[in-house]
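Since every read-out is calculated from the coordinates, none of them should be taken as a lab result. Predicted, not measured: the structure shown is a model, and the values here were computed from it. Cβ atoms come from the backbone with ideal geometry, glycine included; neighbour counts cover every protein chain shown.
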């Protein structure tokens with residue numbers, strides 16, 4: 001029974017997309033075609049950008065001590081939004097925008113504290129050596 005429900009959902013979503021697509025095309029006319037083309041290009045660019053940014057996000061979360069799962073979920077969410085943007089339809093574009101507007105899964109980072117000082121502090125060991133030319 002569960003398999004049958006999943007089957008109807010998988011067939012129902014594209015049918016609903018086509019129905020809404022024709023309704024929106026009746027309302028706004030030919031402007032729907034550039035919208036669909038631009039959303040597909042934006043989805044492709046989002047996937048390409050995330051493909052490169054995923055490793056940086058993983059490395060950053062590894063350095064900050066955060067769990068790697070949060071970085072992977074953020075990347076997966078962005079990739080899924082890109083795929084939804086490529087899929088032609090109004091509902092899928094709306095779902096993609098909602099996915100992109102959701103806050104990050106990671107823990108919020110603490111803002112940098114302003115110490116009010118503009119000097120740079122370099123920690124380390126030092127040793128003073130007397131210069132023979134000064135004596």
Requested in this report: Arrange the following residues from fewest to most other Cβ atoms within 10 Å of their Cβ: 17, 129.
Outcome: 129, 17
Report summary line: With R₀ set to 30 angstrom, the calculated FRET efficiency between the beta-carbons of residue 77 and residue 26, to the nearest 0.05, is 0.35
Report summary line: Listed with the fewest Cβ neighbours within 10 Å leading, 60, 75 appear as 60, 75
Query raised in the report: Using alpha carbons only, how many degrees (0 to 90, rounded to 10) separate the axis of helix 2-28 from the longest principal axis of the chain?
Result: 90 degrees
**Report entry** Sorted by Cβ neighbour density within 10 Å, fewest at the top, the residues 126, 44
**Finding:** 126, 44
Query - the chain: calculated mean residue ellipticity at 222 nm from DSSP helix runs of at least 4, using -39500 (n - 2.57) - result: -23500 deg cm²/dmol
Query raised in the report: So between residue 123 and residue 68, what do we pick up on full extension, going 0.36 nm a residue minus the alpha carbon distance?
Result: 16.8 nm
Report task. Within segment 80-99, which residues have the backbone N less than 15 Å from the label spot 7 Å out from residue 48 along Cα→beta-carbon, could you tell me? Result -> 82-83, 86
Query - 0 to 90° range, to nearest 10: angle between helix 90-101 axis and the chain longest Cα axis - result: 20 degrees
Query raised in the report: In degrees between 0 and 90, to the nearest 10, how far off the longest principal axis of the chain does helix 68-86 point, with axes built from Cα atoms?
Result: 40 degrees
Report task. Normalising by the residue count of segment 2-104, find the relative contact order in percent from Cα pairs under 8 Å and 6+ residues apart. Result -> 31 percent
